[in-house]
Amino acid sequence: MSLRDKMGMAWEAARNGKSPLLEYSKVYEMPQNDGLKVLNCFGRSFYFGVLLSSLAVSQLVTVPVVYDDPDVLFWRRALVWYAFFNLVVNYGLTVFTTSFYTPGSLPTQVPNKLWTFCTSTEQYIPPRAHYCPLCRACVLKRDHHCFFVATCVGFFNQRYFIVLLLHVVWSSVYMLYLDINYLSIVYQSSFSSNWYNFILPITFFNWLLGYVTTTTAGVIIMVYLTLMSFFGGLGFFVCQIFVMFRGQTTREFWKGSRIYRTNLYDHVMSVFGPFWPLQLLIPLPFLRQRGDGVNWCTTKYV
């Protein structure tokens, strides 16, 4: 579509009493949104692909070899299922607990100067809310759009996202422990002089030549995938804890805005609510955090 056609649609929208900026932006963003939707599908596929592969490899391959004591084996398998439970439930809570701003009726006047007008949804939105072109909604206290959960992280689901990252980090460490010990038992130690056999291209050629079994090659691949999950999860977890302690979102951090900071206790309660240490161990969706995501105390007006 040419620029002339786009401007014509905007002009026609203005004649009909609609927002010309909204109509123009819809046309302009379509190719970009289609490409980003592919990243949503890839992120979800990668997450569940690694998750289900780790569950299968640990339960069927690594755990039975690393732990030969039946009593110990039972509890180590139970630990894997505990991690799987938290990774699935917190992922679902992050996805389905949306932070979209859906007012019952649009305000005729701006409640205060911190409210802004969203040209995409043609409504006034509260402070810290921003429009996401992929979610097609204004998100309360929008932090960022995460492609691995294919939704925005905002006021109501940030706590599940942080807990999800925590379980990604510790479970990745445990999976690495199992994989490395398994390879040391059935293949060779990663600290031996033949460490280069763990390089993926060399592992592939050894597998083609029959020097490495399919199971061993699969465990080596899982080591790389688990390392990616560990460093990715750790990076996001540290960033989320950092901005939470500062009373910011990621967007506000990059803009240098800290007008919503109060104290550390209020920041934690706003994200997690009461009994936050317990929420790190098991999902507790019936507990509500402090606030509603619409009204915020500020240290100054801008």
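Details
- Subset of the stretch 181-197 [in contact with a Ser or Thr (Cβ under 6 Å, 6 or more places away or on another chain) and either in a helix (DSSP H, G or I) or charged (D, E, K, R) (or both)]: TYR182
- Criterion: buried (at least 17 other Cβ atoms within 10 Å of the Cβ) and either in a helix (DSSP H, G or I) or of a type in the set (D, E, K, R) (or both) - qualifying residue of LEU60, LEU87, LEU73: LEU87
- Among the residues listed as VAL186, VAL163, the single one being open to solvent by 20 Å² or more (accessible area, probe 1.4 Å) and hydrophobic (A, V, I, L, M, F, W, C): VAL186
- Considering the stretch 243-299, the residues that are crowded, with 16+ Cβ neighbours inside 10 Å, among the aliphatic types (A, V, I, L, M) and over 20 Å from the mean Cα position of the chain (by Cα) include one that is modelled with the highest pLDDT, namely MET269.
The values are calculated or read from the model by the stated rules, or taken from the named source; none is laboratory data. It should be emphasised that the depicted structure is a prediction, and the values quoted were computed from it without experimental measurement. Quick reminder, even Gly has a Cβ in these numbers, built from the backbone with ideal geometry, and neighbours come from all protein chains shown. Note: accessible area is taken over every heavy atom of the protein model, side chains too, but ligands, DNA and RNA are not part of it. Shrake-Rupley method; radii C 1.70, N 1.55, O 1.52, S 1.80 Å.
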